[in-house]
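What follows is calculated from the coordinates using simple rules that are stated; it is not laboratory data. In this text the structure is predicted, and so the values were computed from the model without any measurement. Neighbour counts are summed over all protein chains in view; Cβ atoms, including those assigned to glycine, are modelled from backbone coordinates with ideal geometry.
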Amino acid sequence: MKINILYAGYCTAPEHIAIQGGRWRSIHFPAMFALLQHPRFGPMLFDTGYSYRFFDETKNFPNRIYRWMTPVTLHEEDLVVNQLATFGIQPHDITHTFISHFHADHIASLPDLTGSRYIYMPHAYAGLRNLPPSEDMKHAFMRGLIPSDFDERSHPVEMNRVILLPKEYAPFTKGYDLLGDSSIIGVELPGHAIGQMGIFARDENDKLFFFVADAAWLKQAVVDNRPPHKIANLIFSDGNVYRETLTNLHGYHLTHPDVEIIPSHCEETIRSHESASHLT
Ligand SMILES: [Zn+2]
């Protein structure tokens, strides 16, 4: 499988929010998405980053607060649809999109992917779909980003079809074989958002990648087992569980330093893998 790590837009926030002991200055948090070109299933995405719809959805209150808290920059060439074009891929060619969780910066291009199945942990969405719209902001959820035919194209992870992972995944013990061919293994990474899903995927050079979404905002947080500022607990689904998940990632990293752990918003990590096709 060919794996390209890309991003569609970035927001800025102080580093010390993302990691305890971080600097006070603002840093970039790119909104990563990964293009996974599967030999049998074709092009697939893990998350989608921002799109212009994010700006439409945050024009008015209360969503405008979201834009103020995390100012977003998005260049036209960084749009998912335009980056796919540089690979000769049309948006409707994407066959599967693995959604880590439903925060706006991970799903804003879903409506562009008109031929895709959507794969996510069912409890990640179940609690959001019936929220009164007045609570969307609290959950960083923007229902306008959900495609109108989302339910028809959804293939939520069947949580009862859990597999026991081999020892080399420890401390992660349970996973989900998302395509049935062992090429993409989903694991639950709870704490940041309910039902957040990370995936393991191996590239054509046999390198293993572990996409961990927002279970850590910076790679350094995994390396040092260093959590974000306590204020971040306000937006987490469960701060204590977040801490446990980060500790598991740290343990995994210690025993598997060769595996590429990819937090979705770590600029240093994303730049180190950046595809030559990415223009900025
Ligand atoms: Zn998030």
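Amide H contacts of residue 118: 97, 154, 155, each under 5 Å away and 5 or more positions distant or on a separate chain (H built 1.01 Å from N in the peptide plane; Pro and chain starts excluded).
Computed from the C-alpha gyration tensor, the three semi-axes of the ellipsoid equivalent to the stretch 14-131 are 26, 18, 15 Å, from longest to shortest. The alpha carbon centroids of the stretch 192-244 and the stretch 93-137 are separated by 18 Å. Judged by the ratio a/c of the largest to the smallest principal axis of the C-alpha gyration tensor, the stretch 1-71 counts as oblate, that ratio being 1.5 or greater while a/b is no larger than b/c. Only lysines eight or more places from residue 219 in sequence, or on another chain, were considered; those with a Cα closer than 25 Å are 2, 167, 174, 207, 230. Working from Cα pairs under 8 Å separated by at least six residues, relative contact order for the stretch 2-273 is 18 percent. Contact order, relative form, for the stretch 143-188: 24 percent (alpha carbon pairs under 8 Å, 6 or more residues apart, mean separation divided by residue count). Entry note, the stretch 1-91: relative contact order of 31 percent, from Cα contacts under 8 Å with a spacing of 6+ residues. Applying both filters, DSSP loop and at most 15 other Cβ atoms within 10 Å, to the GluC sites (Glu not before Pro) of the stretch 110-179 gives 158.
Assign one of three labels to the stretch 2-273, namely rounded, prolate or oblate, based on the Cα gyration tensor with a ≥ b ≥ c the square roots of its eigenvalues; rounded applies when a/c is under 1.5, prolate when it is not and a/b is larger than b/c, and oblate otherwise. Rounded is the answer for the stretch 2-273, as its axis ratio a/c remains below 1.5.
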